[in-house]
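Peer 1: I have a structure here, written as structure tokens, and I will follow up with some questions on it.
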Amino acid sequence: MSRIGIFICWCGENIARNVDVERAAAEVADLPGVVCSVAYKYMCSDPGQSLMRQKIVSERLTGVVVASCSPHMHLRTFRKAAAMAGLNPYLVEMANIREHCSWVHHDRQQATTKAVELIRMSVAKVRANAALQPISIPITRRALVIGGGVAGIQAALDIADSGREVVLVEREPSIGGKMAGLSETFPTLDCSQCILTPRMVDVGQHPNIRLYTYSEVEGVEGYVGNFKVTVRKKARYVDMDACTGCGQCWNACPSKKNLSEFDYQMGNRTAIYVPFPQAVPARPVIDRDACLHFLKGKCGICAKKCAANAVKFDDQDEVITEEVGAIVVATGFKLYSIDRDQASSKLAGYGEYGYGQYPDVVDALQFERIVSASGPTGGEIRRPSDGQQPKSVVFISCVGSRDNAKGISYCSKICCMYTAKHTMLYKHKVHDGQAHVFYMDIRSGGKNYDEFVRRAIEQDGAHYHRGRVSKITQENGKLIVRGVDTLVGEPLTIEADLVVLASAMQPAGGATELAQKLNVGYDEFGFLSESHPKLRPVETNAAGVFVCGACQGPKDIPESVAQASAAAGKVLVMFSNEQLSREPEVARINETNCAACFACVRACPYNAIERAEVRDRKGQLVKRTARVNPGLCMGCGTCVAICPSKSADLEGFTEQQVYAMVESLV
Amino acid sequence: MDIGYYPGCALHGSSNDYGSSVRACLNALGARLCELDDWICCGATAAHSLNHMLALALPSRNLAIAERQGYEELLAPCPMCSMELLKARCALTASSDLREKVSEIVELEVQGKTRVLNLIQILQKIGLDAIKQRAVRTLKEFRPACYYGCLLTRPADTVQFDDCEQPSSMETILCALGAEPVQWNYKTECCGAGMTMADGPTTLELSHKILSNAVAHGANCMVVACPMCHVNLDMKQADIDREYDCRHDLAVYYLSDLVGLALGLDEKSLGIDRHFVVKR
Amino acid sequence: MSGNSHATESDVFSEANVAACYQCGKCSAGCPMAEHMDLLPNQLVRLVQMGRFDRAMRAEAIWKCVSCVTCSTRCPKSVDCAAVLDLLRQAAFEQGKVPPSRRRTLLFQQAFLDNIRRNGRVCELELIGVFKTKAFAKDWDLLKLMEDAPLAPKLMRRRKFHFRGERVKDRGLVKRIFDRCNSIKLDLATSENS
């Protein structure tokens, strides 16, 4: 016979205002199996919890119903308290009489009646509860980091420095990401490469980091603690071990006019190339589409020049499997393009800015290369069309960002800061030049950030105009920029030599496809979703998968690095245990009844059900059956709903329990 | 091919050269224009400036006539008319209440089903290949600045035609006939449109900018598909020259003029002899 | 105005999505007439957002507008700025708040509508005659009055001059359409007197 205790919380006024808790306590006291029913001002407080513990012992309770807030808030609290008093924690149920009742109803009478019914349902459920044990699963204490930009580098180094192994996968031939191409960084104007390259070298030399560049994650199987990841290493046509990075090959390569990805198509590179001098690994890669050997079947000069015999024209893609326990996604961002052709039908280009057909309208990352000492102009500010030094430069904020008509409603957060930086860098190099900025708002929250923007305006003399630009045309080598200064209330046309667009930050290409492989959610713009915006900012809803950097949302370098360290910290918390403990509320298949139709296998969104065989002691096949992998099951119940033989059931939410709840109402 | 035809007031008035041109050109291409019975004015800028409901009702009456006569498609060569017709069509299709109300006002049931096409769309419908097949001469001496003005492409959601910032449909047709359209920057800037009478200096100023930009980019003529653009750029060109002390000397053709010339039609039947600026 | 139906102010401007405007000014930046306006399009939208219809209605700018719809087309928030100006013009006209300096524009629009009301189609000669008389005859501005007269022979030579314009058959219908539409007035709250 069950002995159930009911604990009703006032939640201060939150519940008590609209629910007569004392009346409710009295009404549910007589339900079958209930031996005590009390109300208390704050059940989650220490005295509230100890009241519950006392009653569990004194009344020899076999089940507990706490009627209070959402189980999302305090189920763990009350289960822990019950366990301390010696009751199996899975014999504790909650009735949500706050979010589902007192907060949404005004009539105290009716709200109280509803609260009683909610409690009655929970009592019916807990009567049928079974004691459950948490599931322990083994864990591979090795991490995968996807993306080798500054966030991925930071996460990988943090995890590796703690003694755990890291597999770092980068799509490009070198790690470094977007930051490696930046000139100087706000708000200190320290050289981006100078602060990043030591970290890149650390990654390349770290004994605990296995680095795969020019590689992509192709598939992910398994579950938290036990992922199996397949990585495709794209054919590099260079033997990484043999190559010394001496540079003979790329110096000799006759195919020299290939647009450099690293310089955002503003400079050239050879067919065999390292993207930039400080690349890690400092090993070249051959671009098949540019290499004369592959295009015309002749050449091979690089192979002849290579003293180490490292050029391998017969190199093939290689698929590698790695086992890891946790995954950090740090795939970063790309910039919105104003071109007519867009990646998604929701986005539209800027015909009014010429759809990118004017060579002297560049985006912010291109301008970084123009300013950068390692860039195509060697750090001299010269414009792409004719190499002239621009005497008048217009910077336009919010291109794509906050522009619903073009498909992006969000603020890209970093543009105000780097635009201010751009005007400074420009002025520092072109003393007689004039920088103009068209902006809507200046968003410079952050330590020393607003001071930095003010410096650009007050000391470096950038002309800031509040207003959007409506049109850019080209006349006689000048860009005619038609804008407005809404502060004086006048239209404003500026003849510029160069226009720099602060284009919106978008998730890097392929991020959503990767998210699908990882079962990680993403928003309408393709940014990966964190589990909770405040309390679980680097976790995702896929257990064991963490996010950091701009793949989760627009952010600057300091934030990306902080988030990367946070993600690494979360991984290490996971790795601090030998085993992982999971909630036992997962599906279970009654293997005796299972008709092996495997409808559940196909229906399961987590691939948590496998086809299994039941064999006798002699190894003879008795029958086939579906079987749940408790490490993967998320307890969604899809299999329960779909099973034609009613062989699937959900621990903690059995059909018996659910029917008991329904019956208690009717 | 029989096409419902809404000429609008201008093509029956001082822009009858455009009317002749459209008819001659399309007839030569095998399209027969069937004018709507007793059509009324679309209301133009005056209606949408002074009376929102009137601006819906006047074009709706014409849509109702087109529906009654069973035209699925209606050619309105004047972009002001076609835009007003389309605006009404959008509003009617969006609201059954409005359909009811407007039907009552215009004393004829109107659904807003008729598709409204501009001159370029009709030519596209006939097809580049069909036009090229019938062409008897090349237009290679023409280096036109194709001028779309405001209402051919705007409001973009309503007219849903071409690219509202960088349109190219006229260029496509003219290139196919051998002309060499220039790239220039004022394709979609406004010429002042219906303000010719009400605010003369404004239209002179705007039109002067357009003509100047066309000349600066190497055009030897202009091509339009709008009677108001033609008035401001052609009829008013002498005034512009006087006001700004310059000499643009830029012939302004309707799109149907140049297509018609390629088809071998003579200037008179196309109404080109009725233009003000005559060159060549 | 008793007995007439009234559209409410919230209906009137909400369709133009006025609440969405964040004052970026792109409408004013692209407006071909902005340089000649006393208030820029974005400022007019702002006044409407604030409910200061009277100030907006009395602006010369709304009569400078050439209805090219560039503002609405480029608006990042899909505010139909051109429609806002239409509504302001209608309200200013109905409430007699058109600034004297822009009377000529209004007179033309009125003459245009009167012309259609009478004929069903625009009769150009009649329109010009009526408009010029109303606009200039009162001030004995003969220069303006006769400004376009030299065009007449040129038009005649080009067979573009029609003494008698076209008229539709069912002119009674056209008048009835006008009367029904004229009975629907815009109703803007005008408590504010700036």
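The values are calculated or read from the model by the stated rules, or taken from the named source; none is laboratory data. Here the structure is a predicted model, which means the values were calculated and not measured. Please note: Cβ atoms are built from the backbone with ideal geometry, for glycine as well, and neighbour counts cover all protein chains shown.
Peer 1: Please report, ordered by residue number, the strands (runs of 3 or more DSSP E) entirely within segment A:133-245 with at least 1 residues that are crowded, with 20+ Cβ neighbours inside 10 Å.
Peer 2: Working: elements: A:135-138, A:142-146, A:165-169, A:209-212, A:215-223, A:226-233.
Result: A:142-146, A:165-169, A:209-212, A:215-223, A:226-233.
Peer 1: Please go through segment A:18-37 and give me each residue that is buried (at least 16 other Cβ atoms within 10 Å of the Cβ) and touching a helix residue (DSSP H, G or I) at 6+ places or on another chain (Cβ under 7 Å), ordered by number. Please lay out each step first, then the result.
Peer 2: Step one: of segment A:18-37, the residues buried (at least 16 other Cβ atoms within 10 Å of the Cβ) are A:18-21, A:23-25, A:27-28, A:31, A:34-37.
Listed by number, the residues that qualify are A:N18, A:V19, A:D20, A:V21, A:R23, A:A24, A:E27, A:V28, A:L31, A:V34, A:C36, A:S37.
Peer 1: Wholly within segment B:31-127, which helices (runs of 4 or more DSSP H) include no fewer than the required count, namely at least 2 residues that are at pLDDT 95 or above and more than 11 Å from chain C (Cβ to nearest Cβ)?
Peer 2: Filter on segment B:31-127 gives B:52-68, B:79-94, B:96-106, B:119-126.
Peer 1: Now for a separate question. Scan segment A:599-615 and tell me whether some residue there is aromatic (F, W, Y) and either within 30 Å of A:M505 (Cα to Cα) or under 22 Å from the mean Cα position of the chain (by Cα) (or both).
Peer 2: Yes, some residue in segment A:599-615 is aromatic (F, W, Y) and either within 30 Å of A:M505 (Cα to Cα) or under 22 Å from the mean Cα position of the chain (by Cα) (or both).
Peer 1: Quick one: in segment C:44-79, which of the residues that are at the interface with chain B (Cβ under 10 Å from one of its Cβ atoms) and over 18 Å from the mean Cα position of the chain (by Cα) is surrounded by the fewest Cβ atoms within 10 Å (Cβ to Cβ)?
Peer 2: C:S78
Peer 1: Also, I was wondering about something else. Exactly one of (1) surrounded by 24 or more Cβ atoms within 10 Å (Cβ to Cβ); (2) under 14 Å from B:M83 (Cβ atoms); (3) without any contact (Cβ under 8 Å) to a residue 24 or more places away in the chain is unmet by B:Y148. Its number?
Peer 2: (3)
Peer 1: Quick one: in segment B:187-207, of everything that is acidic (D, E) and closer than 23 Å to C:L145 by Cβ, which residue is nearest to the other protein chains (Cβ to nearest Cβ)?
Peer 2: B:D199
Peer 1: Is there a residue in segment A:260-283 that is of a type in the set (S, T, Y), in contact (Cβ under 8 Å) with a residue 60 or more places away in the chain and not in a strand (DSSP E or B)?
Peer 2: Yes, because at least one residue in segment A:260-283 is of a type in the set (S, T, Y), in contact (Cβ under 8 Å) with a residue 60 or more places away in the chain and not in a strand (DSSP E or B).
Peer 1: Scan segment C:56-65 and tell me whether some residue there is over 28 Å from B:K187 (Cβ atoms) and assigned to a helix (DSSP H, G or I). I'd like the intermediate steps shown before the answer.
Peer 2: Just the residues of segment C:56-65 that are over 28 Å from B:K187 (Cβ atoms), to begin with: C:56-60.
From the residues that got through so far, the ones that are assigned to a helix (DSSP H, G or I) too are C:56-57.
Yes.
Peer 1: Looking only at segment A:338-384, count every residue that is over 18 Å from A:M424 (Cβ atoms) and among the aliphatic types (A, V, I, L, M) and tell me the total.
Peer 2: The number of residues fulfilling the criteria is 5.
Peer 1: Filter segment A:467-503 down to the residues that are of a type in the set (S, T, Y) and either within 19 Å of C:C71 (Cβ to Cβ) or within 10 Å of chain C (Cβ to nearest Cβ) (or both) and list them by number.
Peer 2: A:S470, A:T473, A:T486, A:T493
Peer 1: Can you give me the ranges of the helices (runs of 4 or more DSSP H) entirely in segment A:1-103 with at least 2 residues that are within 17 Å of A:N129 (Cβ to Cβ) and under 37 Å from the mean Cα position of the chain (by Cα)?
Peer 2: A:71-84
Peer 1: Kindly establish whether B:R247 is among the basic types (K, R) and more than 11 Å from every other protein chain (Cβ to nearest Cβ). Talk me through it step by step, then tell me what you get.
Peer 2: Values: among the basic types (K, R): yes; more than 11 Å from every other protein chain (Cβ to nearest Cβ): yes.
Against the criterion (among the basic types (K, R) and more than 11 Å from every other protein chain (Cβ to nearest Cβ)), B:R247 qualifies.
Peer 1: Condition first: within 14 Å of A:L335 (Cβ to Cβ), out of contact with any strand residue (DSSP E or B) (no Cβ under 6 Å at 6 or more places or on another chain) and away from chain C (no Cβ under 13 Å). Can you find one or more residues in segment A:428-440 that meet it?
Peer 2: no
Peer 1: Only one of these is surrounded by 24 or more Cβ atoms within 10 Å (Cβ to Cβ), farther than 18 Å from A:R455 by Cα, of a type outside the set (A, V, I, L, M, F, W, C) and not assigned by TED's automatic domain parsing to the domain that holds A:V274: A:G407, A:G387, A:G375. Name it.
Peer 2: Going through A:G407, A:G387, A:G375 in turn, the sole match is A:G375.
Peer 1: Let me spell it out: the conditions are (1) within 11 Å of chain C (Cβ to nearest Cβ); (2) without any contact (Cβ under 8 Å) to a residue 60 or more places away in the chain; (3) part of a helix (DSSP H, G or I), and B:S20 meets all of them except one. Which number is the exception?
Peer 2: The number of the failed condition is (2).
Peer 1: Return the pair list, or none, for Cβ contacts closer than 6 Å from residues in segment B:164-189 that are touching a residue at least 12 places away in the same chain (Cβ under 8 Å) to residues that are hydroxyl-bearing (S, T, Y), at least 6 apart or on different chains.
Peer 2: B:C164/B:T153; B:C164/C:T73; B:P167/B:Y148; B:P167/B:T153; B:G178/B:T138; B:N185/A:T473; B:K187/B:Y148; B:T188/B:Y148
Peer 1: Filter segment B:255-280 down to residues that are within 14 Å of chain C (Cβ to nearest Cβ), touching a helix residue (DSSP H, G or I) at 6+ places or on another chain (Cβ under 6 Å) and not polar (S, T, N, Q), then give me how many there are.
Peer 2: 9
Peer 1: A follow-up question, please. Can you list the helices (runs of 4 or more DSSP H) found entirely within segment C:75-194 that contain at least 1 residues being β-branched (V, I, T)?
Peer 2: Hits in segment C:75-194: C:81-94, C:103-119, C:124-136, C:171-182.
Peer 1: Considering only residues of segment B:7-17 that are assigned to a loop (DSSP other than H, G, I, E, B) and over 12 Å from the mean Cα position of the chain (by Cα), which is nearest to C:V168 (Cα to Cα)?
Peer 2: Within segment B:7-17, the match that is nearest to C:V168 (Cα to Cα) is B:G13.
Peer 1: Find all pairs meeting these conditions: Cβ atoms under 7 angstrom apart; at least six residues apart or on different chains; first residue within segment B:76-95 and within 13 Å of B:M53 (Cα to Cα); second residue of a type in the set (K, R) and surrounded by fewer than 24 Cβ atoms within 10 Å (Cβ to Cβ).
Peer 2: Matching pairs, first to second residue: B:L92/B:R99.
Peer 1: Looking only at residues in segment B:250-277 that are of a type in the set (D, E, K, R) and closer than 19 Å to B:A179 by Cβ, which one is surrounded by the fewest Cβ atoms within 10 Å (Cβ to Cβ)?
Peer 2: It comes out as B:D266.
Peer 1: In addition: Under 8 Å between Cβ atoms, which residue pairs at least 6 apart in sequence (or on different chains) link something in segment C:20-43 that is within 15 Å of A:A405 (Cβ to Cβ) and more than 7 Å from chain A (Cβ to nearest Cβ) with a partner that is part of a helix (DSSP H, G or I) and among the hydrophobic types (A, V, I, L, M, F, W, C)?
Peer 2: Close Cβ pairs (under 8 Å, with a partner that is part of a helix (DSSP H, G or I) and among the hydrophobic types (A, V, I, L, M, F, W, C)) amount to C:C21/C:V45; C:C27/C:V45; C:C27/C:C71; C:C27/C:C81.
Peer 1: Hey, A:N629 hits all of (1) polar (S, T, N, Q); (2) under 22 Å from A:N226 (Cα atoms); (3) over 29 Å from the mean Cα position of the chain (by Cα) but one; which does it fall short on?
Peer 2: Here A:N629 clears every test but (3).
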